[in-house]
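*Asks:* Here you go, one structure.
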Amino acid sequence: MDKTWVEGQPSAYQQHDIVHFPDWKNIIVWDLFFNNLTSGFMFVTMITWLVAPDIFGPVLPIALTLAFLIVIFDLLLLVADLGDHFRFLHAMRVMHPTAPLSVGVVSLIFYSIFLFLALVIYWGTFILLATIGLPLEVVGVLNVLFRLFAILALIAACGVICYKGVAFSCTSQPGVKRARWLTCWVVCDALTIGMGLLIVVSFVLGQIVPVEALVIPFVVLIVFRCFTYALVWMNIHERASLMYSKGRLALNAVIVYGIAGVCAIAACSFGPIGIVTAAAICLLAGVWERYWIIFVAHPH
């Protein structure tokens, strides 16, 4: 068969998927989920604390500690997910500003380091004050250092949020090559599940005021998440219709827009319990959405 390319006609490479789908299992879904969760959680925690320290101050140390535990778990999942672990170590060692993968990995590492240093300073100061005491001048210096490293971790978290990962690269995996709105959805969803986790943590700690203070921005984020997911769907619906039956397509719409959209927003009008319920729904929907989109990239 003659495979010579004819001008004005699509090339042979455009007729089929030219990449091999990696041997991804459930681990890649959880890697992406926890990656977005820790970065989005860090972002909304720091921003709310900087805007209203009196309201969110009591939640801050526990929230930052939880964000650090999540990023450590995510790093373990990321390394376990790679076929060649030494490539990840190389990506950590060499920085290429023009390569999204390099920027994403380095941002994740710096985020982990800065957050760790901030937590060491905070809890170290807390323990020393409770045991031997510290001069006010030393406490002031440590407080400045804590804020510095926390803000540096916030900046690094922004880089982590914006990098959607190799799994969602529009130039690599079949099914999502044309998903030009994917990064926009990833950012909105990361902030949504991050704020959802902040709401749950605040409620567990008995801090009802932060829960009620977050209801309006939380509803706004839910709306944006649904809107950006719809834009992504416009990019991938052709491929998704090949991978899923009509019933599965309808089920996805019900979960994303109905349960995690309309029902979650409606639940926010029923006080703190309703807001926490909506937050839990959005967290679960974040896992579902990642399963859904990653399966679209499977070879047909």
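*Asks:* Taking the simple approach of a point 7 Å from Cα along Cα-to-Cβ for both residue 244 and residue 231, what is their distance in nm?
*Replies:* Once both label points are built, they end up 2.0 nm from each other.
*Asks:* What list of ³J(HN,Hα) values in whole Hz, one per residue of region 135-144 in order, does the Karplus curve 6.51 cos²θ - 1.76 cosθ + 1.60 (θ = phi - 60°) give from phi, with Gly and Pro shown as x?
*Replies:* x, 4, 5, 5, 4, x, 5, 5, 5, 5
*Asks:* Spin-label point model (7 Å from Cα, Cβ direction): what's the residue 223 to residue 180 distance in nm?
*Replies:* Result: 2.6 nm between the two label points.
*Asks:* For residue 129 and residue 205, compute 0.36 nm times the residue count separating them, minus their Cα-Cα distance, and round to one decimal in nm. Mind showing how you got there, number by number?
*Replies:* Working: separation 76, 0.36 × 76 = 27.36 nm, distance 2.25 nm.
Taking 0.36 nm per residue and subtracting the Cα distance, the gain is 25.1 nm.
*Asks:* Write down the accessible area per residue of region 188-300 in Å², having rolled a 1.4 Å probe over the full set of protein chains.
*Replies:* Accessible area per residue: 43 Å².
*Asks:* How charged is the neighbourhood of residue 37? Take every other residue with its Cβ under 13 Å from the Cβ of residue 37, and add Lys/Arg as +1 and Asp/Glu as -1.
*Replies:* Counting the neighbours of residue 37, the net charge comes to -3.
The values are calculated or read from the model by the stated rules, or taken from the named source; none is laboratory data. Just so it is clear, the model here is predicted, and its values are computed rather than measured. Because the Cβ atoms are built from the backbone with ideal geometry, glycine has one as well, and the counts that use them run over all protein chains shown. Surface accessibility is based on the protein's heavy atoms, side chains included, excluding ligands, DNA and RNA. Shrake-Rupley method; radii C 1.70, N 1.55, O 1.52, S 1.80 Å.
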